[in-house]
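Remarks on the structure that follows.
The values are calculated or read from the model by the stated rules, or taken from the named source; none is laboratory data. This is a predicted model, so every value here is computed, not measured. Because the Cβ atoms are built from the backbone with ideal geometry, glycine has one as well, and the counts that use them run over all protein chains shown.
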Amino acid sequence: MDLRLNRYIAQAGVCSRRAADGLIARGVVHLNGAVVRDLGRRVAAGDVVEVEGHAVAPRAEHAYLALNKPLEVVTTLDDPQGRTTVADFVPAAKGRLVPVGRLDWDTSGLLILTDDGEMVHALTHPRFGVEKTYRATLRGQMETAAFARLRDGGIVLDDGTKTRPAKIRVIAQRRDESVVDVSIHEGRNRQVRRMFDAVGHPVVALERVRFGPVALGDLPLGTTRDLTERELRALQEIRERALARGVVR
């Protein structure tokens, strides 16, 4: 074995390679008992790596779960305020799994969890945005002009940034609300809610129904399932494309 330290940490399921670089820079990674701050350091067979005082090692096989996250659950592994976290829904036998991206406290739906740090990096890197689809219940009936603005992109958010084009599909229109599916490739903080606020249709309820090739389907709220072989093959293809483009190194 001869791996860069950040890749070793990622393959151990601790975090992505980028996050591992941050841990190394903070001085919380030890190699054979000594603090390592060199981002280019390599790990050889027999070396002992510790992260924040815990010995870590790459896993022979990784776990990949889909969770239907309920509302009022935070996308972290532990919470200093004592709130319910996504880790509370992971079967103990699966070990420590980290979420791929995040869902807000007031958003429900599909969340992927894994101990494969490289996969996390490939699926969340901003240069290789994977499409995510949300079902949004909106206040008011959406007008044609609002649809066009969302589809065309270029909506200026409250921080001055502009959105990329989004896919919009109407599910239902009622007198005082609309239900739509919106697909985006970006991952800015609370982006879907901010997009609809910008076109005058605040979000009443939001659920993620798809992340790349993985669909929420009929998975009951608050439960998990293993990803299917087809889903895993599709995710592996995404990772390979990310590797080829230099997004994951």
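Key figures for this structure:
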| read-out | value |
| --- | --- |
| Selection status of residue 235, in contact with a strand residue (DSSP E or B) (Cβ under 7 Å, 6 or more places away or on another chain) and modelled with pLDDT of 90 or more | no |
| Residues located in the stretch 142-152, provided they are surrounded by 14 or more Cβ atoms within 10 Å (Cβ to Cβ) and part of a loop (DSSP other than H, G, I, E, B) | 142 |
| Residues satisfying the stated conditions in the stretch 47-80, i.e. of a type in the set (Val, Ile, Thr), surrounded by 17 or more Cβ atoms within 10 Å (Cβ to Cβ) and outside any strand (DSSP E or B) | 73, 75 |
| Counted residues, the stretch 8-46 - those being closer than 21 Å to residue 77 by Cα, surrounded by fewer than 19 Cβ atoms within 10 Å (Cβ to Cβ) and touching a helix residue (DSSP H, G or I) at 6+ places or on another chain (Cβ under 9 Å) | 4 |
| Members of the stretch 28-46 that are closer than 16 Å to residue 12 by Cβ, assigned to a loop (DSSP other than H, G, I, E, B) and of a type in the set (D, E, K, R) | 41 |
| Yes/no for residue 87 being buried (at least 17 other Cβ atoms within 10 Å of the Cβ), part of a helix (DSSP H, G or I) and either more than 16 Å from the chain's Cα centre (by Cα) or without any contact (Cβ under 8 Å) to a residue 40 or more places away in the chain (or both) | yes |
| Residue 132 vs. criteria closer than 20 Å to residue 237 by Cα, among the charged types (D, E, K, R) and at pLDDT 90 or above | yes |
| Residue 173 vs. criteria among the polar types (S, T, N, Q) and loosely packed, with under 15 Cβ neighbours inside 10 Å | yes |
